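Below: the structure, in structure tokens.
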Amino acid sequence: LPIGLTAESIAFMPGLGFSVAASALVGQALGAGSPRQAERIGWAASHQGLVVMTTMGIVFFVLAEPFATIFSKDPAVVRVAATYLRIMAISEPMLAFAMILTGGLQGAGDTVRPTVATAISFWGVRIPLTWFLALRAGYGATGAWVAMSATTILSGIFAIMLFRDGKWKRIKV
């Protein structure tokens, strides 16, 4: 897992950068009295981050073994790390939306709703799904990674829904 997480951070870090930028720029546009511009900025940042993170997801999926061999030459370790990278690569596009749109929401002062959505996704879905897939269904670490990827997708869906509903444009900070 540490090998996979280290490699995955290559895609994660640009998403974090887009998230911080979305937060600052959405907040700035709202402060300037332009909610329409704030919305455009949020979507533009998320789409730009989507391109970067999807590209990295494709690279991780296709080149999982070569990436894993950077960190280990042990074939068993490479196989496990490559499996992790491929499973997580599937959720990279939605991770972009989850990170960046949540950043935009936070910049608008909408912090409670994204926190609740994250709690539902992680505590309400990820933990029970991980328990079920990893332990009950017997998939072990692979089941846990599938649960992580699935709930990352769910977090992205939640972020899209929250940003799209526009309630964040009316929050007074």
### Task
Determine, yes or no, whether Phe67 is aromatic (Phe, Trp, Tyr), within 20 Å of Thr142 (Cα to Cα), at pLDDT below 95 and crowded, with 21+ Cβ neighbours inside 10 Å.
yes
### Query
Looking at Thr54, is it over 28 Å from Ser34 (Cβ atoms), touching a Pro at 6+ places or on another chain (Cβ under 6 Å) and not aromatic (Phe, Trp, Tyr)?
yes
### Query
Does Trp145 fit the bill of being modelled with pLDDT of 95 or more and in contact with an Asp or Glu (Cβ under 6 Å, 6 or more places away or on another chain)?
no
### Summary
Output for Cβ contacts, cut-off 6 Å, separation at least six or different chains, first residue under 15 Å from Arg164 (Cβ atoms) in the stretch 20-49, second surrounded by fewer than 22 Cβ atoms within 10 Å (Cβ to Cβ) and among the basic types (Lys, Arg), reads Pro35/Lys169
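Are any residues in the stretch 74-116 in a helix (DSSP H, G or I) and free of Cβ contacts under 8 Å to residues at least 24 places away in the same chain, and if so, which ones?
Scanning the stretch 74-116 gives Pro75, Ala76, Val78, Arg79, Ala82, Val112, Thr115, Val116.
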### Query
Going by the conditions given, is Ile160 surrounded by fewer than 15 Cβ atoms within 10 Å (Cβ to Cβ), part of a helix (DSSP H, G or I) and of a type outside the set (Phe, Trp, Tyr)?
no
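Every residue, every condition in (1) surrounded by fewer than 13 Cβ atoms within 10 Å (Cβ to Cβ); (2) among the aliphatic types (A, V, I, L, M); (3) farther than 30 Å from Pro35 by Cα; (4) in contact with a helix residue (DSSP H, G or I) (Cβ under 6 Å, 6 or more places away or on another chain), yes or no:
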residue: Phe71; (1), (2), (3), (4): no, no, yes, yes
residue: Ala89; (1), (2), (3), (4): no, yes, yes, yes
residue: Leu105; (1), (2), (3), (4): no, yes, no, yes
residue: Pro114; (1), (2), (3), (4): no, no, no, yes
residue: Tyr139; (1), (2), (3), (4): no, no, yes, yes
residue: Met148; (1), (2), (3), (4): no, yes, yes, no
### Query
When you look at Thr6, is it modelled with pLDDT of 95 or more, of a type in the set (S, T, N, Q) and under 16 Å from the mean Cα position of the chain (by Cα), yes or no?
no
### Query
How many residues does the stretch 18-42 hold that are surrounded by fewer than 17 Cβ atoms within 10 Å (Cβ to Cβ) and either in contact with a strand residue (DSSP E or B) (Cβ under 9 Å, 6 or more places away or on another chain) or assigned to a helix (DSSP H, G or I) (or both)?
8
#### Entry: Odd one out for Ala68 among (1) within 20 Å of the chain's Cα centre (by Cα); (2) touching a residue at least 60 places away in the same chain (Cβ under 8 Å); (3) part of a helix (DSSP H, G or I)
(1)
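The values are calculated or read from the model by the stated rules, or taken from the named source; none is laboratory data. Small disclaimer: the values here were computed from a predicted structure and weren't measured. So basically every Cβ, Gly included, is an ideal-geometry build from the backbone, and we count neighbours across all protein chains shown.
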